[in-house]
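First comes the structure, then the notes that go with it.
Derivation of every value follows stated rules applied to the coordinates shown; laboratory data play no part. Quantities reported herein were computed from a predicted structural model and do not represent experimental measurements. Note that we place each Cβ from the backbone using ideal geometry, even for glycine, and neighbour counts take in every protein chain shown.
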Amino acid sequence: MATFSKQLLSTSTEGEPTLSTSTSAGSPTTIHDTTTTATTIDELWLYCSNNHSADVELILFYGYDSAGSVPTAPANTLYQTVETKAGMTLVCAGLILVNDGSNATRVSTYDATGSVLNLWGFVNRITA
């Protein structure tokens with residue numbers, strides 16, 4: 001029987017947000033890595049807030065092997081314009097992440113401005 005548990009994002013030790021500092025697709029900011037257990041599934045819920053004076057487009061790389069290279073857009077790429085000072089914007093509504101049993105699966109971000117977008121969230125971890 002499967003078990004469910006709510007977990008912090010791997011980059012958050014106490015529930016604090018992760019600041020998206022990267023402005024480069026080649027070296028994005030890691031937001032979450034799954035475990036390396038093949039029987040574990042992470043259901044990702046991710047929100048973003050923008051403290052900049054203008055709207056900012058968040059680029060989210062979703063579900064790639066943490067030991068591999070960053071995907072080339074549009075593969076595994078989500079785009080979301082986050083309005084300035086509009087509170088939390090839902091950017092990932094329960095999408096599933098699995099891994100190959102040897103490497104974690106990663107979600108990472110970047111944006112053109114850098115250091116103005118905070119990412120908050122959690123995973124519902126499902127184990128068989």
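Observations on the structure shown:
- Taking θ as phi - 60° and the Karplus parameters 6.51, -1.76 and 1.60, the scalar couplings of region 32-38 work out to 7, 10, 6, 6, 9, 7, 5 Hz in sequence order, x denoting glycine and proline.
- Largest-first principal axis extents of the Cα set of region 3-127 (Å): 43, 29, 21
- Under Karplus coefficients 6.51, -1.76 and 1.60, residue-wise ³J(HN,Hα) of region 97-103 in Hz, glycine/proline x: 10, 10, 9, 8, x, 10, 10
- Remark on residue 84: its backbone amide H falls under 5 Å from those of 55, 56, a criterion applied only to residues 5 or more positions apart or on other chains, H modelled at 1.01 Å from N.
- Förster-model FRET efficiency, 41 Å R0, residue 52 and residue 100, C-beta, rounded to 0.05: 0.65
- The chain: most fluctuating residue of 60, 78, 19 per GNM, C-alpha cutoff 10 Å: 78
- Taking a ≥ b ≥ c as the square roots of the Cα gyration tensor eigenvalues, region 3-76 comes out oblate, since a/c reaches at least 1.5 and a/b does not exceed b/c.
- Extension gain for residue 65 to residue 5 (0.36 nm times residue separation, less C-alpha to C-alpha distance): 19.3 nm.
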